[in-house]
Amino acid sequence: MTLQTNVSQAGRSFKLYASRLENLGITTLEDFLWHLPSRYEDYSVVSKIADAQVGETVTVQGTVMDIKNQYLSRGRIKSMQKVLITDNTGTMQLTWYNQPYLTKNITNSTTISASGQVRQSGRFLTMTAPTYEIFYTAATSSIHTARLIPIYPETHGVTSKWLRRQIYNLLEQYKDELVEYLPEELLNQNHFMTIPEALQTIHFPANLEIAEKARARLAFDEFFLMQLSVLKRKQTWKTKQTTVPYAIDKHRKEIDTVVASLPFQLTGAQTRAIDDILTDFAKDKPMNRLVQGDVGSGKTVIAAIAMYAAHLSDYQSVLMAPTQILANQHYKSIKQLLEPFGVGVELVTGTSKFSALSSPFSILIGTHAVLSEKVTFEKLGLVIIDEQQRFGVEQRGIIKQKGKNPHLLTMTATPIPRTVALTMYGDLDLSYLNEMPKGRKKVITWVVPPEKRDGAYGWIRKQIQETDSQVFIVCPFIEPSESMSTVKAVKHEYERLQKEIFPDIKVGLLHGKLKAKEKDDVLLAFKEKKFDILVATPVVEVGIDIPNATIIMIEGSERFGLAGLHQLRGRVGRGDKQSYCLLFTDSKSALNSQRLKGMETIYSGAELAELDLKLRGPGNLYGTAQHGIPKLKVASFSDAELIQKARHVAQEIFPQLATYPKLEEKVALVTTKIISPD
Ligand code: ADP
Ligand code: MG
């Protein structure tokens with residue numbers, strides 16, 4: 001066995017855990033070592049029992065004098081384990097609940113070490129449910145007590161204690177397999193610990209300062225390796241075949257005419273993005289550009305103009321969107337804009353017939369159905385991927401294969417800070433939409449506690465009746481995806497609202513299990529104001545555009561990531577009317593209310609993502625949705641300084657990468673793990 005061995009092949013005890021460990025991102029033995037503590041518990045003060053002060057958190061060590069296993073019939077406490085220990089200075093009573101197996105391991109005269117808070121009960125000093133370990137021999141070193149104890153991200157059935165034991169053993173066993181890959185000069189210049197040292201230290205540090213030093217080294221590596229791999233990709237892209245430049249100047253007037261036909265004026269940011277794209281088109285290398293703009297910043301029209309420019313040079317375009325609803329919506333708006341100018345626009349979603357494509361078309365819009373082998377192009381010049389974070393690398397690869405070096409335009413509302421984009425997508429060109437269309441008002445946002453629910457319903461009714469507003473009511477997913485139980489819950493809520501709360505107002509229902517045509521009909525009816533309230537699952541999250549809807553009410557809002565809530569909130573506030581977002585929550589947790597309160601004052605997707613990052617940790621940065629940004633293990637995307645440094649060092653070293661074979665090997669490993677929009 002080596003560190004690369006798969007967990008499921010690494011012996012029986014591991015095998016049982018394999019699927020649970022996968023939840024934690026652990027698939028090989030090495031992954032254990034990179035499963036880093038989220039914090040430490042300080043049990044480093046070892047005290048004689050006689051010196052232990054009530055209220056203090058300490059470690060005591062002694063021999064077992066007496067042990068009792070009492071069975072009770074008191075509610076949730078079924079049994080109680082009482083262990084009396086002595087260390088020659090005094091005795092202490094250790095108590096556990098519901099752990100009858102404990103008395104199998106601990107017997108009279110066992111030496112144990114226990115860490116926890118000291119309390120007094122009658123004449124006894126006690127500890128309740130202490131962290132403990134048994135010293136089988138005098139030479140046993142402590143892992144779970146008497147030191148700084150690493151606490152890990154856990155998952156169902158995998159405790160920190162179990163992880164700690166495995167990591168401790170693996171570090172012992174595979175010490176020699178952990179090799180340093182950074183050049184020595186680099187280590188020296190930066191006063192970095194070596195890799196074996198850093199990994200050992202971050203799991204089992206002597207103190208917090210040294211743990212921080214280990215973390216700094218590992219965080220640097222994370223960005224540094226990523227950056228090197230991006231530089232490598234960029235080099236590869238440069239050597240790619242060339243394409244035929246589009247005759248942009250020749251068609252400038254026609255493009256301007258379409259822009260002038262829009263019902264609004266483009267923002268400066270939109271104009272700049274379009275110029276960026278047209279400039280790329282005029283070159284002989286395929287474009288690889290990411291347009292990033294917050295919800296509602298107007299990305300669709302940029303895609304439309306780009307496709308029109310391709311059409312003028314006799315190239316076909318394809319626009320791929322993550323949902324049928326969105327594909328339909330794009331199809332309608334783009335057809336409406338471009339058909340008058342003689343552009344053939346077609347739609348392919350899972351349910352539509354491919355035979356419809358026999359007519360010549362310039363623009364194809366669709367869901368992942370466009371990936372089907374049956375969909376072919378005569379001359380595909382431009383591939384656009386909307387909400388690119390929703391697609392996997394493979395899907396992006398397949399669609400590109402349908403043309404010969406087509407230009408690639410990806411669009412996302414995922415708030416990627418510029419530093420992050422540079423690190424992750426250093427090989428891409430970026431257009432930032434840092435400006436919202438004129439006249440947009442901030443969506444007034446309130447967190448609504450249970451006692452204000454009725455009042456809120458009353459207010460919504462008044463808004464509908466007096467200001468002609470339309471309302472989204474969003475129910476959360478019950479399970480990670482749109483399962484039947486979610487659909488059941490949303491149907492139930494729909495009936496309740498229609499019958500009990502709003503009997504005099506027409507309510508509609510939208511969920512992901514409806515057929516494409518049904519979804520489309522519901523949205524169309526809502527757009528045409530055939531009803532005033534739309535009860536929906538988060539299927540409305542991505543991209544849906546109903547400018548007249550001005551209120552969105554979100555149930556169970558604590559279940560969403562802030563970036564997800566921000567996306568939902570972006571469904572309103574699209575016209576010039578004042579809009580509102582009501583976040584309903586029954587959660588009493590202080591953390592949740594702090595998170596949700598953030599929505600009341602913060603309106604930038606990037607800032608909200610940062611807040612979530614701070615409050616909930618990186619795993620939840622972009623909610624449960626796929627996001628196309630790798631989870632960082634150590635570093636934080638908010639650490640701009642470190643990103644800069646890693647970038648700088650990577651750029652310096654890259655030209656000589658071949659002279660550092662170990663580093664080169666490591667970079668190759670990282671590259672296969674990074675998801676990139678190209
Ligand atoms: P997103 O960037 O979230 O994809 P959309 O492309 O769906 O945004 O645009 C949101 C709404 O704003 C649409 O109704 C669109 O017609 C409108 N819109 C786009 N650009 C402008 C603009 N420059 N001025 C006013 N409205 C605009
Ligand atoms: Mg969009």
### Task
Kindly provide the set of residues from segment 115-139 that are open to solvent by 50 Å² or more (accessible area, probe 1.4 Å) and part of a loop (DSSP other than H, G, I, E, B), ordered by number.
G122, R123, A129, Y136, T137, A138, A139
### Task
Starting from residues that are crowded, with 23+ Cβ neighbours inside 10 Å and outside any loop (DSSP other than H, G, I, E, B), keep the ones in segment 291-303 and report whichever is farthest from ligand 2 (Cβ to nearest atom).
Q292
### Message
Every residue in segment 580-605 that is open to solvent by 40 Å² or more (accessible area, probe 1.4 Å) and not hydroxyl-bearing (S, T, Y), please.
### Response
D586, K588, A590, L591, Q594, K597, E600
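Every residue in segment 320-344 that is without any contact (Cβ under 8 Å) to a residue 24 or more places away in the chain and either under 26 Å from the mean Cα position of the chain (by Cα) or within 13 Å of ligand 1 (Cβ to nearest atom) (or both), please. Please lay out each step first, then the result.
To start, the set of residues in segment 320-344 that are without any contact (Cβ under 8 Å) to a residue 24 or more places away in the chain comprises 332, 335-336, 339, 342, 344.
Once the filter is applied, which keeps residues that are without any contact (Cβ under 8 Å) to a residue 24 or more places away in the chain and either under 26 Å from the mean Cα position of the chain (by Cα) or within 13 Å of ligand 1 (Cβ to nearest atom) (or both), segment 320-344 yields K332, Q336.
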### Query
Among the residues of segment 550-564, is any in contact (Cβ under 8 Å) with a residue 60 or more places away in the chain, within 16 Å of ligand 2 (Cβ to nearest atom) and within 28 Å of E610 (Cα to Cα)?
yes
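Does D221 qualify as being of a type in the set (D, E), outside any helix (DSSP H, G or I) and either more than 16 Å from ligand 1 (Cβ to nearest atom) or under 18 Å from L382 (Cα atoms) (or both)?
Values: of a type in the set (D, E): yes; outside any helix (DSSP H, G or I): no; either more than 16 Å from ligand 1 (Cβ to nearest atom) or under 18 Å from L382 (Cα atoms) (or both): yes.
For D221, the condition - of a type in the set (D, E), outside any helix (DSSP H, G or I) and either more than 16 Å from ligand 1 (Cβ to nearest atom) or under 18 Å from L382 (Cα atoms) (or both) - is not met.
Just checking, which of K462, K438 is at pLDDT 85 or above, under 30 Å from A273 (Cα atoms) and surrounded by fewer than 14 Cβ atoms within 10 Å (Cβ to Cβ)?
Testing whether each residue is at pLDDT 85 or above, under 30 Å from A273 (Cα atoms) and surrounded by fewer than 14 Cβ atoms within 10 Å (Cβ to Cβ) leaves just K438.
Restricting attention to segment 328-359, which residues are assigned to a helix (DSSP H, G or I), hydrophobic (A, V, I, L, M, F, W, C) and modelled with pLDDT of 90 or more? It would help to see each step written out before you state the result.
First pass over segment 328-359, keeping only residues assigned to a helix (DSSP H, G or I): 328-341, 354-358.
Checking which are hydrophobic (A, V, I, L, M, F, W, C) leaves us with 334, 337-338, 341, 354, 356-357.
Passing the criteria: I334, L337, L338, F341.
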### Message
Here's a check for you: in segment 309-319, which residue that is under 20 Å from T367 (Cα atoms) and open to solvent by less than 10 Å² (accessible area, probe 1.4 Å) is farthest from the chain's Cα centre (by Cα)?
### Response
S317
### Task
Specify which of the listed residues (T279, T239, T257) is away from ligand 1 (no atom under 16 Å from the Cβ), open to solvent by 40 Å² or more (accessible area, probe 1.4 Å), within 36 Å of the chain's Cα centre (by Cα) and in the same structural domain as K379 (by TED's automatic domain parsing).
T279
### Query
From the list I67, I77, which one is open to solvent by less than 60 Å² (accessible area, probe 1.4 Å) and touching a residue at least 40 places away in the same chain (Cβ under 8 Å)?
I67
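Show me the helices (runs of 4 or more DSSP H) entirely contained within segment 558-674 in which 3 or more residues are at pLDDT 85 or above. First the steps, then the outcome.
On the way: elements: 562-569, 590-601, 605-616, 640-653, 661-673.
Qualifying helices (runs of 4 or more DSSP H): 562-569, 590-601, 640-653, 661-673.
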### Query
For segment 542-568, how many residues are open to solvent by less than 10 Å² (accessible area, probe 1.4 Å) and over 18 Å from the mean Cα position of the chain (by Cα)?
8
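The values are calculated or read from the model by the stated rules, or taken from the named source; none is laboratory data. Computed from a predicted model, the values in this text were never measured in an experiment. Here Cβ is always computed from backbone atoms with ideal geometry, including for glycine, and neighbour counts include all displayed protein chains. Accessible surface is based on the protein model in full, side chains and every heavy atom, while ligands, DNA and RNA are left aside. Shrake-Rupley method; radii C 1.70, N 1.55, O 1.52, S 1.80 Å.
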